[in-house]
Amino acid sequence: ETWRGRDVTVNVPTAAALRVRIGDPIARCAVLDLDPITGERGSNLLKTLVASRLRNEAGEPYFGVNAEVIETSAAPDTGAATSQRR
């Protein structure tokens, strides 16, 4: 939740560095509880998230954020991410 509004530089191995702006939180959907092989519901991970995360108006837990690429560069990979509040 504290990353919202920050610009973050991510160094990607063997690729250009990306600068992204962290936006609004997004909710986690129920597909998280589905077994990827059988398609059957099997875990209670979503229920666990609901108990410990902020939720939207529909009761869905936030578990991610939107981000917009605002700059790319050919900076060498340092294996680290940095951030600054804008």
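FYI, it's all coordinate maths here, none of it is from the lab. A quick note: this is a predicted structure, and the numbers were derived from the prediction, not measured.
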Separation between Cα centres of region 1-39 and region 49-67, rounded to whole Å: 13
In Hz, Karplus ³J(HN,Hα) per residue of region 57-72 (6.51, -1.76, 1.60; θ = phi - 60°; x = Gly, Pro): 4, 8, x, 7, x, 6, 7, x, 9, 6, 9, 10, 6, 10, 6, 10
Whether region 6-76 is rounded, prolate or oblate, judged on the alpha carbon gyration tensor where a/c under 1.5 counts as rounded: oblate
